[in-house]
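A.B. asks: Handing you this structure, nothing more for now.
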Amino acid sequence: MSVLPLSGLLGRSPAPPEVEPEAAPEPPPAPPELGRPEAPTGVRFVDDESVSALLESAERYGFLAVAAPAARPHDRGKLALVLEEAIESALERRGACPPGVGAAGDLEDSLGDQLYRARLIELRGICVTVGSLGAIATLGGALDAEDSAVLRWWIHAARTRPVLLGLSPRDRTLDVYGAPTPLETLLLAEPTPTGEAAPSMDPEVRASSEAMELSEPPPSVRIAEPPSDTLPAPADHTDDHDDSDIDEAVAAAVAAVAAVTDATSATADEPSLVGELTDAIVEGLSVPEFEPATESAFAQTEAATTIESASLEAAPDPAPVSVEPPSAPLEPTAGDDWPRWVSELRAAEGPKPLAVIERMFVKSYVPLRDAMLRGLAPESEVGPVLDAWATSFATSYEAAFDALRLRGKRPTMVLDVPDVAHRIGRLHGARAVQLLLVDGLRFDLGLRVEAELRAELRNEVALTERLILWSGLPTDTRTQLELIGRGPAGLADFSGPPESEVPVARGRMARTPRRIKAGHRELLKLDLVEAALSEPGAAEAARLDALGREVAGCVRDVMETLPHRTLLFVFGDHGFWLASQGGGSSALRQGGAQPEEVLVPGFAWLVGGVQ
């Protein structure tokens, strides 16, 4: 892996140290009769005095202006998150919709999702200025391997996407590691000619060794406090892009900021950092200001009202869902990747932003648990890590929920669904919006339903958005319907669910959605999950695979009744968990704060009118 100055990576000669770098020239103004001209993209050095001018010029071109702060020493190895959080904050200020679940995959998916949401608010691209990176350089004056890979990726993106990247002139001579050399290339290299003396250690090799020794982030400092469980954070890992080390580098960078305590070292009497966690939750993410949905937004045409209400009293006993052999794991590479997921869940500590928490849940916790249930990962090693993650999550969320209710900053919750769905419908030109609440649709079951619908419907519908939603406490249907009826403004006054129980359809009626009211809002409710899991059954993985197929069939039937260009928003109100019971699993358990109970999916399907 070679090391070279940043200016060399950009194809420019470093400026002499005694010469002050020139300010970046402003792009020429747009001729009024031609509208906004083609915006400039690429990479340039911009001194501190010219940053404001560049951002103002970018805004005139219709770009989202993002001023990322200068990196601090504890940001070493986290450059990807520093840039992403700056862009997300700018999008949130402009009123863009929240990121989709698919954006958690890698740098390419994340930037694509951000550019897509920028276009939805009529912007043409993104302009990012980055403060000096010198504080995260090693003592040898080089970025570590992870940050080098991220910076190389952003430079490439600025040359191929509608992105303008501004770097500090103070970083002209900052060393950046290039793409690594494959081992096969080294093995096939020509040997040193006989008779020549072996070369002394190359400065690049020496710098690489120093960088690897210094790339570990500095340990967090606490005053006489033992480590304790904190709310874990979702993981992010990247696939290969142009450079073969992108996957390894970015996965390591995100693992360095993930949050969970090592399950094997945690003890029951260790105190929880509830104060820090509460701040992390309520300050980590804001919900965009949604325009309230009007009653007419959820009105349906005659075709949409053909789904009749179920008669719950006369319903027979629930028919068991047929259990077929388990399908493939949620992650095809689970057999090889589970050790990495275990490492990510054990890696770091300390409160983290909600976006990071969600990523670790989606990208590490969910696939690791699925791999364990299918026998691809040893339960003796994986089980304690998952239990510690879930216990930490539950303890922290329970402690933080009251503060979350009273403060303005919080994650996107189930109670936000009507406003979120209405806004997505407007953005995609939907003529009507229909809400379908699948009682008990937890996150991994939602992924199974999505996969089935994609395979069955293909081009008949379009999945426009995927969201991860947080359930209020307690995680039961009464609470979520009460909060949906109250809306976001009623969360602060919420004191508990109503005493009346929500009836659950049984038998064949459980497969037919019925119309219910939540406050003044009307929605469809499907009871199949609650009915099917009300009794013990087969092993959890096989049981959920079969249930996913059943739920997908019910959702498909609903889609067939909807008018052209209707947005069907399918979401869970809360999740559940199943205990192992002999060779099978118990009846569903709900109402707590386990991650399987709190985090649920939301899918916005546009029916008809898809090319």
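The values are calculated or read from the model by the stated rules, or taken from the named source; none is laboratory data. Being a predicted model, the structure only gives us computed values, none of them experimental. Using ideal geometry, Cβ is built from the backbone for each residue, glycine included, and neighbour counts are taken over all protein chains shown.
A.B. asks: In the stretch 502-510, is there at least one residue being touching a residue at least 60 places away in the same chain (Cβ under 8 Å), surrounded by fewer than 21 Cβ atoms within 10 Å (Cβ to Cβ) and within 26 Å of the chain's Cα centre (by Cα)?
C.D. replies: Taking every residue of the stretch 502-510 in turn, none turns out to be touching a residue at least 60 places away in the same chain (Cβ under 8 Å), surrounded by fewer than 21 Cβ atoms within 10 Å (Cβ to Cβ) and within 26 Å of the chain's Cα centre (by Cα).
A.B. asks: Does T561 fit the bill of being surrounded by fewer than 21 Cβ atoms within 10 Å (Cβ to Cβ), under 30 Å from G608 (Cα atoms), touching a residue at least 40 places away in the same chain (Cβ under 8 Å) and assigned by TED's automatic domain parsing to the domain that holds L441?
C.D. replies: Details: surrounded by fewer than 21 Cβ atoms within 10 Å (Cβ to Cβ): yes; under 30 Å from G608 (Cα atoms): yes; touching a residue at least 40 places away in the same chain (Cβ under 8 Å): yes; assigned by TED's automatic domain parsing to the domain that holds L441: yes.
The answer is yes for T561.
A.B. asks: Among the residues of the stretch 405-422, which ones are more than 14 Å from L483 (Cα to Cα), under 20 Å from the mean Cα position of the chain (by Cα) and in a helix (DSSP H, G or I)?
C.D. replies: Correct list: V420, A421.
A.B. asks: Quick check on the stretch 98-107. Is at least one of its residues part of a helix (DSSP H, G or I), in contact with a Lys or Arg (Cβ under 9 Å, 6 or more places away or on another chain) and at pLDDT 90 or above?
C.D. replies: No; the residues of the stretch 98-107 include none that is part of a helix (DSSP H, G or I), in contact with a Lys or Arg (Cβ under 9 Å, 6 or more places away or on another chain) and at pLDDT 90 or above.
A.B. asks: Under 20 Å from D75 (Cβ atoms) and of a type outside the set (S, T, N, Q): does that describe V163? Talk me through it step by step, then tell me what you get.
C.D. replies: Values: under 20 Å from D75 (Cβ atoms): no; of a type outside the set (S, T, N, Q): yes.
Spelling it out, it is not the case that V163 is under 20 Å from D75 (Cβ atoms) and of a type outside the set (S, T, N, Q).
A.B. asks: State all residues of the stretch 45-82 that are in a loop (DSSP other than H, G, I, E, B) and over 14 Å from S132 (Cα atoms); if no residue qualifies, say none. Working first, answer last.
C.D. replies: Taking the stretch 45-82 and keeping what is in a loop (DSSP other than H, G, I, E, B), we get 46-47, 61-62, 69-72, 76-78.
Within the stretch 45-82, Y61, G62, G77, K78 meet the criteria.
A.B. asks: Tell me yes or no: at least one residue of the stretch 484-497 is at pLDDT 95 or above and buried (at least 20 other Cβ atoms within 10 Å of the Cβ).
C.D. replies: yes
A.B. asks: Out of all the residues in the stretch 451-465, which are surrounded by fewer than 20 Cβ atoms within 10 Å (Cβ to Cβ) and either hydrophobic (A, V, I, L, M, F, W, C) or farther than 16 Å from E560 by Cα (or both)?
C.D. replies: Hits for the stretch 451-465 are A451, A455, L457, A462, L463, T464.
A.B. asks: I've got another one for you. So for the stretch 594-607 (the condition being assigned to a loop (DSSP other than H, G, I, E, B) and under 22 Å from G383 (Cα atoms)), does at least one residue qualify?
C.D. replies: Taking the stretch 594-607 and keeping what is assigned to a loop (DSSP other than H, G, I, E, B), we get 594.
Checking the rest, the ones that are also under 22 Å from G383 (Cα atoms) come to 594.
Within the stretch 594-607, one or more residues are assigned to a loop (DSSP other than H, G, I, E, B) and under 22 Å from G383 (Cα atoms).
A.B. asks: Might you check whether a residue that is at pLDDT below 95, buried (at least 22 other Cβ atoms within 10 Å of the Cβ) and within 29 Å of F569 (Cβ to Cβ) occurs anywhere in the stretch 431-447?
C.D. replies: no
A.B. asks: Further question on the same structure: Strands (runs of 3 or more DSSP E) wholly in the stretch 442-532 with at least 1 residues that are under 20 Å from R410 (Cα atoms) and either in the same structural domain as D573 (by TED's automatic domain parsing) or small (G, A, S) (or both) - which ones?
C.D. replies: Numbers: elements: 461-470, 514-518, 521-526.
By residue number, 461-470.
A.B. asks: So if I check each of V130, V150, V163, V176, which one is under 12 Å from L4 (Cα atoms) and either β-branched (V, I, T) or not assigned by TED's automatic domain parsing to the domain that holds P40 (or both)?
C.D. replies: On the way: V130 fails: under 12 Å from L4 (Cα atoms); V150 fails: under 12 Å from L4 (Cα atoms); V163 fails: under 12 Å from L4 (Cα atoms).
Testing whether each residue is under 12 Å from L4 (Cα atoms) and either β-branched (V, I, T) or not assigned by TED's automatic domain parsing to the domain that holds P40 (or both) leaves just V176.
A.B. asks: Still on this structure, please answer the following. Name the residue that is nearest to S327 (Cα to Cα), counting only residues in the stretch 443-484 that are touching a helix residue (DSSP H, G or I) at 6+ places or on another chain (Cβ under 7 Å) and of a type in the set (S, T, N, Q).
C.D. replies: T464
A.B. asks: For the stretch 27-62, give me each residue that is out of contact with any Phe, Trp or Tyr (no Cβ under 9 Å at 6 or more places or on another chain) and at pLDDT below 50.
C.D. replies: Correct list: P28, P29, P31, P32, E33, L34, G35.
A.B. asks: Sticking with this structure for a sec: Scan the stretch 70-86 residue by residue and report those that are at pLDDT 90 or above and surrounded by fewer than 20 Cβ atoms within 10 Å (Cβ to Cβ).
C.D. replies: Scanning the stretch 70-86 gives a single hit, A86.
A.B. asks: Can you name the residue in the stretch 498-520 that is in contact with a Lys or Arg (Cβ under 7 Å, 6 or more places away or on another chain) and among the aliphatic types (A, V, I, L, M) and, of all such residues, is nearest to M559 (Cα to Cα)?
C.D. replies: I516
A.B. asks: A follow-up question, please. Small (G, A, S) and farther than 19 Å from L4 by Cα: is that true of A135 in this structure? It would help to see each step written out before you state the result.
C.D. replies: Working: small (G, A, S): yes; farther than 19 Å from L4 by Cα: no.
No; evaluated as a whole, the condition is false for this residue.
A.B. asks: Kindly indicate which of E92, E146 is in contact (Cβ under 8 Å) with a residue 40 or more places away in the chain and under 28 Å from A421 (Cβ atoms). Steps first, please.
C.D. replies: Values: E146 fails: under 28 Å from A421 (Cβ atoms).
Result: E92 is the single residue among E92, E146 that is in contact (Cβ under 8 Å) with a residue 40 or more places away in the chain and under 28 Å from A421 (Cβ atoms).
A.B. asks: When you scan the stretch 542-551, do you find a residue that is assigned by TED's automatic domain parsing to the domain that holds G425, over 30 Å from the mean Cα position of the chain (by Cα), farther than 27 Å from R426 by Cβ and touching a residue at least 24 places away in the same chain (Cβ under 8 Å), even just one?
C.D. replies: Within the stretch 542-551, the first condition is being assigned by TED's automatic domain parsing to the domain that holds G425, and the residues that meet it are 542-551.
Checking the rest, the ones that are also over 30 Å from the mean Cα position of the chain (by Cα) come to none.
The answer is no; no qualifying residue exists.
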